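Peer 1: The structure that follows is given in the form of structure tokens.
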Amino acid sequence: MKSLIKAVALMVVLAAPVAAFAQSDQQPLTRAQVKAQLKQLEDAGYNPAVATDATYPADIQAAEARVAAQNATAYGSPAGGSSQAGSNAPMNSQ
């Protein structure tokens, strides 16, 4: 039983540094990234100069949704694509 406890303790000690390094990839945004995000929101229709407290949450959320939709469809095939389904070929009755 003591060997099991020692093994578990050893595994925890060895796994702790790995977990600490796994979280260090997050870096703060740069000033240029923040400006680019604000530009995207303004292009999507958000105007921070006319936002009031009553309309602020709805305005920014709507602009963020439009930006997210643009970013989601920026790669790959267009989201509004169409497909064509065929019909059964008539059987030749002989």
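Bear in mind that the values in this text are calculations on the coordinates, not laboratory data. Because the structure is predicted, anything quoted here is derived from the model rather than measured. Glycine also receives a Cβ, built like all others from the backbone with ideal geometry; neighbour counts cover every protein chain displayed.
Peer 1: Net charge around Glu64, counting only other residues with Cβ within less than 14 Å of its Cβ (Lys, Arg = +1; Asp, Glu = -1)?
Peer 2: -1
Peer 1: Determine the sum of side-chain charges near Val50: Lys and Arg each +1, Asp and Glu each -1, restricted to other residues whose C-beta is under 14 angstrom from that of Val50.
Peer 2: -3
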